[in-house]
Amino acid sequence: MTSSPIISLKNIHLTLNSDAGPVNILRGIDMTITAGETVGIVGPSGSGKSTLMSIMAGLETPSDGDVIICGENFKGMSEDELACFRRDNIGIVFQSFHLIPTMTALENVAIPLELAGRADAFDTARIKLEQVGLSARESHYPTQLSGGEQQRVALARALVTEPEILLADEPTGNLDGATGDVIIQQMFDLHDGHNTTMVLITHDESLAQRCDRTIRIEDGRIAGDMVAGAPVEHEGQSS
Amino acid sequence: MSAPKRESLGLAVRYAYRGMRGGLKGFRIFIACLILGVAAIAGVGTLSSSINEGLRANGQVILGGDIDVRLTARPASDSEYAWLASMGQISSVQVLRAMVHAPQTDQRLLSELKAVDDVYPLFGALTFNKVSGELSTAVYPALMRKNGVYGVLVEELLLNRLDVGVGAQLNIGQLSFEIRGVIKGEPDKASQGISLGPRVVISTEALDKTGLVQPGSLLKYHYRLKLKDGVRVEDFRLAADADQGDVGWRINDSSNGAPGIKHFVERVAMFLTLVGLTALVVGGVGVGNAVRAYLDGKLETIATLKCLGASSSFIFRIHFLQVIFLAFVGSLIGLGLGYGGAVVASQFLAQALPVPAVVSFQALPLMLAAAYGLLTATLFSVWPLASARETSAASLFRDFAGKKKWPRPFYVLLTIGTLITLMALAVLTADEAFFAAYFVVAASAVFIVLYVVGGLVQWLARNAPRSRFPVLRMALANLHRPGSATASVVLSMGLGLTLFVTVALIEGNLRAQVQDQLPEKAPAFFFIDIQNTQIDQFIETAEQVEGVSEVNYVPNLRGRIVKVNDIPAAEVQVASDVKWVLHGDRGLTYAKDIPVNATIVAGDWWPDDYTGPPLISLAEDAAIGMGIGVGDSMTINVMGREVTAKIANLRKVDWSSLAINFVIIFDQYTLAAAPHSNMATALAPDSSENELFRAITGKFPNVSVIRMKEALQTVSKILKQLSSAVTATASVTLISGILVLAGAFAAGHRKRVYDSVILKVLGATRRDIFKIFVLEYALLGLATSVIAAAAGWLGAYIVITKVLETKWLDLPWTIVGTIVISVGITILFGLFGSWKALGEKPAPILRAE
């Protein structure tokens, strides 16, 4: 791929302070992802995968290093600026769905557009719900939806602003096999339709294989980076 | 990157509404706490404003005229009367205390005698039941002489006390009367002050013939005026100043027909409002807890919204709008309940009120109560809302949470600003700003102390040596574990209990003083209106009764302080506790020797043979309150003549001894020639009281006898009524504290269920878990009540010994009772909130986790 990087992480370190003392989560991550790529991030529990994703989303500030997303360096951006950026450029799908329980499916999907002040928020949200096959459930609350349906609503919400980047943290972790497959297929279909850059955290090796590239994280470092089976060089690290 | 666009207020309102769709279960305590406090303040404010409005609207009826001109111990001169009559229609009323005698039963009684003319009443009507039982308002015809006998109208109490009926004979002074009616309603009763006996109404013509009107008799002459057209009250006052000067009369107008009652109502209302505000602030702790618990459950939603692009200020606005909406709803309900409560209370107070008990819509007190409610909700919710605003969206990706963040400086300032606004509103809207300020400062101090002490209790629990009894160890651990209810229970229940204990100890001390201590040293009787020609025979008669001792007498005149060091009395700066000295008439006396119960603290007593310029001895507390001392001067109007006297000495007076004491004592020379009567006291054992009473009243029908026991009972009754009102309002504070307690326990319910389940998995029986709960609640209740008892004791001690300057009486059972009740309530509510946890099966809970 010869496109310019859409995600660029340079020497990312993250240390968190807790009541039990400092915890080194990320220990020098260098990574670039080009526009339109699908990237699977794999690794054991506690390796720092989710934290890496939260840094890409601007939800976490690294202790050291630069985060450049869509050409914007996150360093120096305020929390509200990051929130706005996220709203317009990044969609996130969580393992636990994280739908707002007191809002209907339609309202949940419309949130990013409402926050952006879009007059057509609900019309656009309705179209997106239809794309994930849930137009008949638009007035239902999350407790009235199955796990798979909730995740499809979450997917619609993540993609309603047609973001440049889609981040998905174990999107099928709380779903059964068949349902999970449906969700993944929809994600890839939507990616294909919009050329969205997709970064996917997963324990499922077969899912990771579907991605253009697989990055392995172990103990806060990149332990492997394979593109179609071939290793990718990283500064100071061996694949 | 350009500045992010702010989400609109309309969007925040929509999101606030959506957020409340999940139900308001967690806000029941929030709303209940606000309702209680707002209702108390609204109820007190509505009732007192309605009473005052009633007093204003009925001013003419209560006063008996547009204007009431009062002279003490002397009637208006011919020129003064003529001047008054030129200002409008005039009605003369004379008021004094006098003994009445029913020869039929040979019973005697002190009465409040009122003599009226044929014009009375100028406004309203005096209603009475005639012999036939028919209701009538024709007063003067009932009092006129018929078949050689004058008529008298009496209150039913007199008939009961003397055991006579309508138609019976009643002797007053030297004259016999016939009881011709029972008074049902007296329009101007409220303006007359405290009664020491039942009302008796006769004609002014009859009064002249009773022999009770003697030089120096304690008689008040009232001249009520219905001003003629075109003459306003202000015009009258100006004309009185210009044409008559200061002749020694006191002018009252219908805009303040019963100043004593108005002042009393305002004082009580102010105090009860402050107590209600304390209840609201206690409830604020519950508000804060409810908001905190609600936000804890919303953290995931907040983090999700932030992931989706919501700004932190948007998060704050959504939840603040929810809080304000609920506060508005709670306040509205509180206003309704307060108004309803005022209507109900007015029915119970109808007998005691001088005006019709009509509660009307009073906008200002209701608006004030609502403002207090909204401010309290804001004060206690800004901090948790601002903390929640800082929720990291990354918490959705992480299992452990970082340290809790402090709110931003803006929100800290907003909290402080709201607190200052609340305090300022309480002080500025109070009738007595200084008292309100003291109360607010004291309540704040107690609040801070209790907050610190709550933390101290947790520290002690955390650092207590590990007990070898697991139940005790776990109960103590529950006191200091994260999320425990200890701090808020100590704060809210503690404040309510402190107020309760303070009120109970003050009331108990005052009641003991009035009922037990004072009567021990008080004289059995006060005798007034003893003429100079009667004094020797009076003493002889009294001392002849077996057991009677210490018959003391003093000359008695009435006068009014008109100037202090040439400054008119109305302009003198005087401390609030001695304002009464400059207000209205004062009892005066003169003496050659220093009174027995007095100590000279400054200056010197005059010599035995003093005949120089007027000198006075002044009570020390009055001098301090007016900022004057030895060498300063006072001008006193005595029966129309102004006497300027120099202060020769200051005296320390023990008012609680109930011996004859005066604020002002003249030298033995200046007033000796002024017309006056005498006042006497006598000590008598209970067994001799009746005989002394009969001996004096039989021989001296003009002498009025005040039985100290009855007077103290009257005071005690008023004290009891006051105390009931204050205790009831203080109870609101306590109930508020209980609500917070219930809320705190309910908020911890889920955690408690989980804890119980895990304990069961590990082998604990339900009995073990029950013992842990009971011990935890008992320790919490004990800690709270001990702290409250100590704080309440200190507050009451300061009030009794330093403010009221009386002796302190220990009331241990009040303290013990408080502790027992507090522990009981804490255990009861704690178990009520935790009972279900005992019966929960482990499996479903563990699966859900």
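The values are calculated or read from the model by the stated rules, or taken from the named source; none is laboratory data. This structure is a prediction, so every number in the text was calculated from the model and none was measured. In this analysis, Cβ positions are derived from the backbone assuming ideal geometry, glycine residues included, and neighbour counts consider all displayed protein chains.
General remarks:
- Test for residue B:314: is it away from chain A (no Cβ under 11 Å) and either modelled with pLDDT of 90 or more or buried (at least 24 other Cβ atoms within 10 Å of the Cβ) (or both): no
- Selected residue (only one of A:81, A:107 is at the interface with chain B (Cβ under 9 Å from one of its Cβ atoms), in a helix (DSSP H, G or I) and out of contact with any Pro (no Cβ under 8 Å at 6 or more places or on another chain)): A:107
- Residue match in the range A:23-41 (condition: under 23 Å from residue A:184 (Cβ atoms) and within 13 Å of chain B (Cβ to nearest Cβ)): yes
- All told, residue A:158 meets the bar of being at pLDDT 90 or above, of a type outside the set (Val, Ile, Thr), surrounded by 20 or more Cβ atoms within 10 Å (Cβ to Cβ) and out of contact with any helix residue (DSSP H, G or I) (no Cβ under 8 Å at 6 or more places or on another chain).
- Scanning the range A:86-104 for residues that are closer than 25 Å to residue A:52 by Cα and within 7 Å of another protein chain (Cβ to nearest Cβ) returns A:86, A:87, A:92, A:94, A:98, A:100.
- Pairs with Cβ under 7 Å, 6+ apart, first in the range B:78-89 and surrounded by 15 or more Cβ atoms within 10 Å (Cβ to Cβ), second of a type in the set (S, T, N, Q) and part of a helix (DSSP H, G or I): B:80/B:244; B:83/B:244
- Where strands (runs of 3 or more DSSP E) fall entirely within the range B:629-668, those with at least 1 residues that are touching a Ser or Thr at 6+ places or on another chain (Cβ under 9 Å), at pLDDT below 90 and surrounded by fewer than 21 Cβ atoms within 10 Å (Cβ to Cβ) are at B:641-653.
- Out of A:47, A:8, one residue alone is part of a loop (DSSP other than H, G, I, E, B), touching a strand residue (DSSP E or B) at 6+ places or on another chain (Cβ under 6 Å), among the polar types (S, T, N, Q) and more than 10 Å from chain B (Cβ to nearest Cβ). It is A:47.
- Residue check, residue A:122 crowded, with 19+ Cβ neighbours inside 10 Å, within 13 Å of chain B (Cβ to nearest Cβ) and of a type in the set (Phe, Trp, Tyr): no
- Count - residues of the range B:557-599 that are in a loop (DSSP other than H, G, I, E, B), charged (D, E, K, R) and in contact with a strand residue (DSSP E or B) (Cβ under 7 Å, 6 or more places away or on another chain): 1
- Residue B:74 part of a helix (DSSP H, G or I), among the basic types (Lys, Arg) and more than 14 Å from every other protein chain (Cβ to nearest Cβ): no
- Of all residues making up the range A:119-175, the number that are outside any loop (DSSP other than H, G, I, E, B) and free of Cβ contacts under 8 Å to residues at least 12 places away in the same chain: 7
- Residue under evaluation residue B:675, criteria (1) in contact with a Gly (Cβ under 6 Å, 6 or more places away or on another chain); (2) surrounded by 19 or more Cβ atoms within 10 Å (Cβ to Cβ); (3) not in a helix (DSSP H, G or I), criterion not met: (2)
- Test: residue in the range A:63-72 that is assigned to a helix (DSSP H, G or I), more than 10 Å from chain B (Cβ to nearest Cβ) and not polar (S, T, N, Q): no
- Considering only residues in the range B:136-169 that are in a loop (DSSP other than H, G, I, E, B) and of a type in the set (Asp, Glu), the one that is farthest from residue B:203 (Cα to Cα) turns out to be B:163.
- In summary, residue B:162 fulfils each of the numbered conditions (1) within 23 Å of residue B:187 (Cβ to Cβ); (2) in contact (Cβ under 8 Å) with a residue 60 or more places away in the chain with the single exception of condition (1).
- Conditions (1) buried (at least 20 other Cβ atoms within 10 Å of the Cβ); (2) at the interface with chain A (Cβ under 9 Å from one of its Cβ atoms): number failed by residue B:14: (1)
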